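The values are calculated or read from the model by the stated rules, or taken from the named source; none is laboratory data. These numbers were taken from a predicted model, which means no experiment stands behind them. Note that each Cβ is placed from the backbone with ideal geometry, even for glycine, and that neighbours are counted across all protein chains shown. Heavy atoms of the whole protein, side chains included, go into the accessibility calculation; ligands, DNA and RNA do not. Shrake-Rupley method; radii C 1.70, N 1.55, O 1.52, S 1.80 Å.
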Amino acid sequence: MKNRVNIAIFISGKGSNLKSLIKFSLLKNSPIKVKFIISNNSKAKGLIYANKYKLKKKTYNFKNSKITEVKLLKLLDRNNIKLICLAGFMKILSKNFIKKFKGKILNIHPSLLPKYKGLNTHERVIKNKEKFSGCTVHFVNHKLDSGKIVLQKKVKVKKNDSPSSLSRRILKEEHRLYPNALKKILLNP
Ligand code: GAR
C-alpha cells in the first residue's frame, strides 16, 4: 500500500506480538511500516527481530524517565513516527508523553478489559474461576489499561488451564488481534 503509516513498536520481553506486527507490515496491502523498535530492556529477547528483519532499534533504561521520554520523543519525531504500538511494554509512560502522542498510542492487554487491568491477569482469571478471558487492543490514555477499546477476542478458559496454558492460547489470538485492530483503525477510520 502507498502512504503506509510509520509505526514504532515498544517491547520489554519476548516480542511475539512484535514479530506478528512485523510480518503484518510485510504484506503487500499492509497499512503500516515498522520504522523503529524501542525497548526498556537491553536483554529483551524480542530485539532479535530487529536484526532478523533489519529494523532500527534503540534501548533506553528509563532510569530517569523524564529525560528518557524527551530523548524518545525527539527520536520518534526525527523518524516521522505517527503511531506507537505497545507490545508487551512493561513501563508506564508519563501523562506528558501520552498527551504529546494523544490518540496515537495503542496497547495490547491479555484480558477482556475493563476486567483484569494490570499484571498477572491469567492467575487472577483462573483464581476467580472465570469461564472466559481473552485479549484487547485499546488506545492508551492516562489511566492504566483504560483507553477506548478497538477490538477484543474472547477465549474460553478450560477447567484444567494453568496461567501458562491460558496465556499461550490467548497469545495466539493476540497475534491476529493486533493486525486486525490496525486494519480497523487505519483502513476504515
Ligand atoms: C502479551 O501477552 C501482552 O498482551 C502482554 O504481555 C505479553 C507480551 O508478549 N502485555 C501486558 O501484559 C501489558 N500490560 P510478547 O512479548 O510475546 O508479545
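Among the residues of the range 84-112, the ones that are within 10 Å of the ligand (Cβ to nearest atom) and of a type in the set (A, V, I, L, M, F, W, C) come to 6 in all. Among the residues of the range 162-180, is any among the hydrophobic types (A, V, I, L, M, F, W, C) and more than 22 Å from S20 (Cβ to Cβ)? Within the range 162-180, none of the residues are among the hydrophobic types (A, V, I, L, M, F, W, C) and more than 22 Å from S20 (Cβ to Cβ). For F10, the conditions (1) buried (at least 21 other Cβ atoms within 10 Å of the Cβ); (2) in contact with a helix residue (DSSP H, G or I) (Cβ under 6 Å, 6 or more places away or on another chain) all hold with the exception of (2). A Cβ distance below 7 Å, combined with a sequence gap of six or more or placement on separate chains, defines the contacts here; from the range 84-110, residues that are open to solvent by 30 Å² or more (accessible area, probe 1.4 Å) and at pLDDT 95 or above reach residues that are of a type in the set (K, R) and near the ligand (Cβ under 10 Å from one of its atoms) in the pairs G88/K14. Screening the range 1-78 for strands (runs of 3 or more DSSP E) wholly inside it with 2 or more residues that are under 16 Å from L186 (Cβ atoms) and within 14 Å of the ligand (Cβ to nearest atom) returns no ranges.
Counting only residues that are among the charged types (D, E, K, R), assigned to a loop (DSSP other than H, G, I, E, B) and open to solvent by less than 100 Å² (accessible area, probe 1.4 Å), the range 123-163 holds 3 of them.
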